[in-house]
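Single-structure report; data block below.
Read-outs: derived from the displayed coordinates by stated rules, not from any lab. Please read all numbers here as calculations on a predicted model, not as lab measurements. When we count neighbours, we look across all protein chains shown, and the Cβ atoms used for this are built from the backbone with ideal geometry, even at glycine.
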Amino acid sequence: MFTEIIKGLGTTIKHMFEEPITIQYPEERKPVAKRFKGRHELKRYDNGLEKCIGCALCAAACPADAIFVQASENTDEQRFSPGERHASVYEINMLRCIFCGYCEDACPTQAIVLEHDYELAFFDRQSAIYTKKELLVPVPDGGKPTPQQVAPGSFNWSIPPMQDAE
Amino acid sequence: MGAEQKLGNMGVVTARLEDVINWGRTGAMWPMLFGLACCAIEMMASQTATHDSSRFGMELMRASPRQSDLMIVAGRVSRKMAPVLRRLYDQMPEPKWVLAMGDCASCSGVFNNYALVQGVDEVVPVDVYVAGCPPRPEALMNGFLTLHDKIRKEKIGKWS
């Protein structure tokens with residue numbers, strides 16, 4: 001009987017000298033997978049123009065009806081995105097979104113990308129609705145903030161021949 | 001924090017009663033074992049050695065509502081389950097908190113149909129909503145920390 005107890009305690013003692021496997025979460029974080037789908041981001045071109053053209057295909061593809069898009073016309077004095085239209089209102093309800101990535105697949109300009117942020121906790125449901133202010137990425141270096149004033153006729157196409165950073 | 005700043009080292013620490021009690025409440029908050037659907041798997045994962053939510057004073061899940069402080073609604077709540085949820089909430093002793101984990105508990109997420117309660121805040125008051133489908137264990141722990149922030153700000157007059 002005693003040999004079994006010693007054998008069992010041997011396992012316990014062996015584990016005492018192992019490295020603890022606990023990830024001390026708020027201080028250290030386990031890196032997420034490369035293709036992890038977290039909070040969305042609305043991307044910009046290198047010159048600062050928004051990629052989103054307000055076509056609302058993401059809202060149509062969304063199985064949870066979490067996305068609301070309202071499009072407005074672009075002018076050359078007030079240009080937000082290449083092409084005719086931009087999203088003047090873009091809202092995602094983070095509590096409805098199931099992070100399936102269908103919006104990412106549906107987007108013709110690769111404007112919406114599910115990034116790696118997963119820390120989404122809210123005190124009320126209203127603050128879970130993310131608008132363009134939270135979703136849009138900051139203007140890249142060398143770009144100008146939107147709305148931009150551009151030369152007439154320079155951005156006629158929704159997907160312009162601009163090279164992206166990626 | 002208080003008198004020792006004026007009088008020097010007296011060998012004592014003074015604090016406001018509010019802070020001490022809120023600190024105690026954040027430091028030992030035992031959640032109720034109430035997994036309803038797939039989010040419960042991630043809730044179990046947050047109790048494992050890898051994530052170890054006992055670092056936040058959530059030592060173990062209590063199977064009885066009488067012994068728990070926090071109700072983690074992990075999963076979708078069907079209309080049949082809603083009275084049970086309310087009853088369990090009523091059986092919990094004060095102070096008690098509710099954390100709606102995941103999309104289904106928060107606003108029924110992708111399931112917009114007759115069978116499910118469209119958000120548990122129809123039934124019980126919710127303190128923190130955690131988004132995700134299901135949220136990672138880290139996201140749930142971020143919800144715990146958000147709840148701790150809320151509790152630390154609670155005032156003595158609001159205590160029930």
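If pairing requires two Cys Cβ atoms under 4.7 Å apart, which cysteines of chain A are left without a partner?
Isolated Cys, chain A: A:Cys52, A:Cys55, A:Cys62, A:Cys97, A:Cys100, A:Cys107.
How large is Rg over Rh for the stretch B:31-151, taking Rg from the Cα atoms and Rh as the Kirkwood inverse mean of 1/r across Cα pairs?
Taking Rh as the inverse mean 1/r over Cα pairs, Rg/Rh reads 0.93.
Can you give the local net charge around A:Pro26? Use residues other than it whose beta-carbon is closer than 14 angstrom to its beta-carbon, Lys and Arg +1, Asp and Glu -1.
Cβ neighbours under 14 Å give a net charge of -2.
Using just the helices of chain B, give the 222 nm mean residue ellipticity in deg cm²/dmol: DSSP H runs with n ≥ 4 each add -39,500 (n - 2.57), and the total is spread over all residues, rounded to 500.
-9500 deg cm²/dmol
On average, how many beta carbons from a partner chain sit within 10 Å of the beta carbon of a residue in A:94-103?
Mean shielding by partner chains, rounded to a whole number: 5.
Shielding of B:68-76 by partners, i.e. mean partner chain Cβ atoms within 10 Å per residue?
For this peptide, the per-residue mean of nearby foreign Cβ atoms is 0.
Nearest 5 percent is fine: what portion of the DSSP beta bridges confined to the protein assembly as shown is antiparallel?
55
Can you give the helix-only mean residue ellipticity at 222 nm for chain A, where every DSSP H stretch with n ≥ 4 adds -39500 (n - 2.57) and the sum goes over all residues, rounded to the nearest 500 deg cm²/dmol?
Counting only the DSSP helices, I get -4500 deg cm²/dmol.
How much net charge surrounds A:Cys97 when only the other residues with a Cβ under 12 Å from the Cβ of A:Cys97 are counted, with Lys and Arg +1 and Asp and Glu -1?
Local charge sum for A:Cys97: -1.
Taking the inverse of the average 1/r across all pairs of different Cα atoms in the protein assembly as shown, what Kirkwood radius in Å do you get?
So the Kirkwood estimate lands at 22.8 Å.
Roughly how many nanometres apart are two label points built 7 Å out from the Cα toward the Cβ at B:Glu59 and A:Lys30?
According to this spin-label approximation, the distance is 2.6 nm.
Mind listing which trypsin sites (Lys or Arg not before Pro) in the stretch A:51-112 are in a DSSP loop and have 15 or fewer other Cβ atoms within 10 Å?
none
Which residues make up the longest stretch of chain A that has no chymotrypsin sites (Phe, Trp or Tyr not before Pro) in a DSSP loop with at most 13 other Cβ atoms within 10 Å?
In chain A, the maximal stretch lacking such sites is A:18-156.
Tell me which aspartates and glutamates have Cα within less than 19 Å of B:Lys150's Cα, excluding those fewer than 8 residues away on the same chain?
A:Glu119, A:Asp124, B:Glu18, B:Asp19, B:Asp69, B:Glu94, B:Asp121, B:Asp127, B:Glu138
Could you work out the mean count of beta carbons from other protein chains within 10 Å of each residue's beta carbon in A:23-29?
5
What net charge is computed for the residues neighbouring B:Pro134, neighbours being all others with C-beta under 13 Å from the C-beta of B:Pro134, Lys and Arg scored +1, Asp and Glu -1?
That works out to 0.
Among the listed pairs B:Lys96/B:Lys153; B:Lys96/B:Lys155; A:Lys133/B:Lys96, which are separated by more than 26 Å between their Cα atoms?
A:Lys133/B:Lys96, as the Cα separations exceed 26 Å there.
Relative contact order of the stretch A:32-151, please, whole-number percent, based on alpha carbon pairs below 8 angstrom and at least 6 residues apart.
Here the relative contact order equals 39 percent.
On alpha-carbon atoms, Rg over Rh for the stretch A:32-151 using Kirkwood Rh?
0.97
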